[in-house]
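Visitor: I have a structure here, written as structure tokens, and I will follow up with some questions on it.
The values are calculated or read from the model by the stated rules, or taken from the named source; none is laboratory data. These figures come from a predicted structure and were not determined experimentally. Here the Cβ is made from the backbone with ideal geometry for all residues, glycine too, and neighbour counts use every protein chain on show.
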Amino acid sequence: MRPISAKILKVIDETPTIKTFRLDTAGWLKGKPGQFVMVWARGVDEVPMALSYEDGITVQRVGEATEAMFRLKEGDTLGIRGPYGNGWELVGDNILIISGGVGSAPLAPLAEKAAAIGVQVTVLAGYRTKEEVHFETRYRKAGKTLISTDDGSYGHKGFVTDLMRDIDLSMYTQIYCCGPEKMMYRVLGILDGHKMADRSQFSLQRHMKCGIGVCGSCCIDPDGLRVCRDGPVFRGDTLISSELGRYARDGSGRRLKLWL
Ligand code: FES
């Protein structure tokens, strides 16, 4: 279970706060959309990262480990364990993808995979500002794409959940969502109101230590489902009565209240 050293082949500046790292994994990684890897930023920390490509991760600068990763250059290495987790289950022939910020990381490869096998794809993608827009080309190549920004600097002014009002949700065979927890909580509430929670999948982020279902640090209430092993993708109806949107836990297991 030791990390394998992967050379960074390419660093792509997606936005001022988001970079993509394409890795030389010599074919051993082969993750599927929705799976994640544990990334060891040497000397700092090991953190879970969704695969944004079969051999790549897309990272937002938010803490010590990601700060350290932002200092890395092509030719440097990262320690990688994985891929882990269940990944998205592709259901039906007409899917809706709802993406918030860097929640795009596991969703863009899903959109591409679905489009490649003839599934009709619609994407609602929300960002804070125009400067933070990324993966737009990947989404547009996969299907019809509507964009929102919180400040209105690009696309619809407002939240990605606003865009859900203008479409007939019932026409989609499955709805996939990843983004800030507040946004996912709202999306799940809307879908539940349409009695469609059982037709949706959400990718969760929680504090992880082992990444393989042993340590319990990523368990969610009330059922103790392990985000690393039973997820990170869960059906919406599984999450309705969960801690989603209410609290998460820090590295020592203490509850961190979210915003409600
Ligand atoms: S990170 Fe250890 S059980 Fe999930």
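Visitor: Where residues in the range 184-208 are within 18 Å of Leu90 (Cα to Cα) and within 16 Å of the ligand (Cβ to nearest atom), which of them is surrounded by the fewest Cβ atoms within 10 Å (Cβ to Cβ)?
Guide: Leu204
Visitor: Of all residues in the range 167-205, which are among the charged types (D, E, K, R) and touching a Ser or Thr at 6+ places or on another chain (Cβ under 8 Å)?
Guide: Scanning the range 167-205 gives Arg186, Arg199.
Visitor: May I ask you to list pairs of residues, at least six apart or on different chains, whose Cβ atoms are under 6 Å apart, with the first in the range 206-223 being among the hydroxyl-bearing types (Ser, Thr, Tyr) and the second being more than 6 Å from the ligand (Cβ to nearest atom)?
Guide: Once the first residue is among the hydroxyl-bearing types (Ser, Thr, Tyr) and sits in the range 206-223, its partners that are more than 6 Å from the ligand (Cβ to nearest atom) give Ser217/His207.
Visitor: Go through the range 150-181 and give me each residue that's of a type in the set (Asp, Glu) and without any contact (Cβ under 8 Å) to a residue 24 or more places away in the chain.
Guide: Those that are of a type in the set (Asp, Glu) and without any contact (Cβ under 8 Å) to a residue 24 or more places away in the chain: Asp151, Asp162, Asp166, Asp168.
Visitor: What strands (runs of 3 or more DSSP E) lie completely within the range 71-144 and have 2 or more residues being in contact (Cβ under 8 Å) with a residue 60 or more places away in the chain and of a type in the set (A, V, I, L, M, F, W, C)?
Guide: Strands (runs of 3 or more DSSP E) meeting the threshold: 77-84, 94-100.
Visitor: Let me ask you something else. Only one of Asp230, Asp151 is among the charged types (D, E, K, R) and buried (at least 17 other Cβ atoms within 10 Å of the Cβ); which? Lay out the reasoning, then the answer.
Guide: Details: Asp151 fails: buried (at least 17 other Cβ atoms within 10 Å of the Cβ).
Asp230 is the lone residue from the list that is among the charged types (D, E, K, R) and buried (at least 17 other Cβ atoms within 10 Å of the Cβ).
Visitor: While we're looking at this one, here's another question. Restricting attention to the range 61-80, which residues are surrounded by 19 or more Cβ atoms within 10 Å (Cβ to Cβ) and not aliphatic (A, V, I, L, M)?
Guide: Scanning the range 61-80 gives a single hit, Thr66.
Visitor: Is it true that some residue in the range 20-29 is closer than 30 Å to Thr129 by Cβ, more than 16 Å from the ligand (Cβ to nearest atom) and β-branched (Val, Ile, Thr)?
Guide: Within the range 20-29, one or more residues are closer than 30 Å to Thr129 by Cβ, more than 16 Å from the ligand (Cβ to nearest atom) and β-branched (Val, Ile, Thr).
Visitor: Among the residues of the range 164-173, is there at least one that is aromatic (Phe, Trp, Tyr), in a strand (DSSP E or B) and not assigned by TED's automatic domain parsing to the domain that holds Gly34?
Guide: no
Visitor: Here is a follow-up. Return yes or no: is Gly126 surrounded by fewer than 20 Cβ atoms within 10 Å (Cβ to Cβ) and among the small types (Gly, Ala, Ser)?
Guide: Numbers: surrounded by fewer than 20 Cβ atoms within 10 Å (Cβ to Cβ): no; among the small types (Gly, Ala, Ser): yes.
So Gly126 fails the test.
Visitor: I'd like the full set of residues that are surrounded by 14 or more Cβ atoms within 10 Å (Cβ to Cβ), within 6 Å of the ligand (Cβ to nearest atom) and not polar (S, T, N, Q), limited to the range 216-226.
Guide: Cys218, Arg226
Visitor: Consider Ser241 against the criteria (1) in contact (Cβ under 8 Å) with a residue 40 or more places away in the chain; (2) more than 16 Å from the ligand (Cβ to nearest atom): it satisfies all of them except one. Which criterion is unmet?
Guide: (1)
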